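Okay, structure first, notes after.
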Amino acid sequence: MHRIGSTCGRLVFFVLCATLFLAGCSLYLDDEEPEQFYEIEDFEILELGVNISDMVMDPNQPYLYLADYGNNRILRIHLSGQMAVDGSLLVGSHPVDLDITPDQRHLVVGLNGESNLKIIDLNSFAIVKTVPFSLNDISHIVCGSDSIVYVSSLDEPLLIAVSITDNVETSGNVRSGALQMNHGERKLFVAARNNVLKYDAAGQFPTTETTSTRFSFSARVNEFVIGPANERLYLGLADPEDRGHVKDLWAFSAEDLTLTGKYEIKSPALGLALSRDGRRLFVAPTDADEAGVFIVEFDTQTKLETSYFLAAGNLKERGIAIDSNDQYLYLAVYTPGDDDTFEPYNVDSYDLQRIRID
């Protein structure tokens, strides 16, 4: 499992050191090598060697779906017992984002290399429809309903709504950015570069409702998730021009978009995962600890760190998921074994790690 203590363990160590120092005691410094090392065999790893751009859990079956960006396919990973690739489906150029329709029947794939959505039946794991759209270089998609998909682009200032039943495309004055939906209340949330906006999505096309201009930021959004009860929004922010600029994860109220708190992780958050009750928040940070790369668990009520989970290597944006029983975390991990070589594309060679957390 490689669950590494809690905040209490680290605090006890530092308090002990400070106490001995103040008492005038001298500490014995052990300069010997550690007695325990972790090898790759110590972790539960499914070797894939692919560029994982997004991952999503099947809501009804023991499957995890991975977007294999470089090989233009979706991988279906069977999770019962030992992890295994259960299926591979070619979908088109550069699948970049995934979502599941609210009726839990279809997986929607947004393609970055071509202006298409691919609709996959979850029972048969087969493409049932290709839906074209007009935007180029898309970044995010989200299912607004069983028939409407919102598509956001890195290049275009406004997003579009695409009907996956009749291929009709609608556009309007809605900002582009990372996307999340509250399906029960038909609210669309957009995390743009400076703030979060809330749109009423009950009509033919979303209309502006609330904005978080009082709590603005200047950053890119690595990950954007909504709480299971739709009460909180969590943003993993990053600044590609200044990595030291963003050190916190931001949380907003989904009701009025007020800032409800910041979680100190001391580096940009690459990925986020929430437990079923919304109480446990798992964060994949950008920077490694001195002892390795850790997933940090927070209590969302106290906003304090509670546990650390050791990863097998460097982490990926949107490369973390939690199963429906809150038993396991799944991570896209990269082990830099030969970074000093000139092997092309080796930085995109990610595997899947499973960590037990219950």
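The values are calculated or read from the model by the stated rules, or taken from the named source; none is laboratory data. Computed from a predicted structure; not experimentally measured. Cβ coordinates were reconstructed from backbone atoms using ideal geometry, including for glycine residues, and neighbour counts include every protein chain displayed.
Across region 266-285, what is the number of residues that are surrounded by fewer than 21 Cβ atoms within 10 Å (Cβ to Cβ) and in a loop (DSSP other than H, G, I, E, B)?
7
Any idea how many residues of region 49-68 are surrounded by 18 or more Cβ atoms within 10 Å (Cβ to Cβ) and touching a residue at least 60 places away in the same chain (Cβ under 8 Å)? Can you show your working first?
Step one: filter region 49-68 for residues surrounded by 18 or more Cβ atoms within 10 Å (Cβ to Cβ), giving 50-58, 63-68.
Adding the requirement that they be touching a residue at least 60 places away in the same chain (Cβ under 8 Å) leaves 50-58, 64, 66.
Counting residues in region 49-68 that are surrounded by 18 or more Cβ atoms within 10 Å (Cβ to Cβ) and touching a residue at least 60 places away in the same chain (Cβ under 8 Å) gives 11.
So, residue 185, is that one closer than 30 Å to residue 326 by Cα, touching a strand residue (DSSP E or B) at 6+ places or on another chain (Cβ under 6 Å) and of a type in the set (Asp, Glu) or not? No, not satisfied. Where strands (runs of 3 or more DSSP E) fall wholly inside region 65-183, the ranges with 3 or more residues that are modelled with pLDDT of 95 or more and more than 19 Å from residue 198 (Cβ to Cβ) are 73-78, 84-90, 95-100, 106-111, 116-121, 126-132.
So, in region 180-205, of the ones that are small (Gly, Ala, Ser) and buried (at least 17 other Cβ atoms within 10 Å of the Cβ), which residue ends up nearest to the chain's Cα centre (by Cα)?
Per the criteria, the residue is 191.
Looking only at residues in region 252-272 that are within 15 Å of residue 305 (Cβ to Cβ) and of a type outside the set (D, E, K, R), which one is nearest to the chain's Cα centre (by Cα)? Selected residue: 272. What residue, among those in region 132-147 that are surrounded by fewer than 20 Cβ atoms within 10 Å (Cβ to Cβ) and more than 22 Å from the chain's Cα centre (by Cα), is farthest from residue 88 (Cα to Cα)? Filtering first and then ranking leaves 134.
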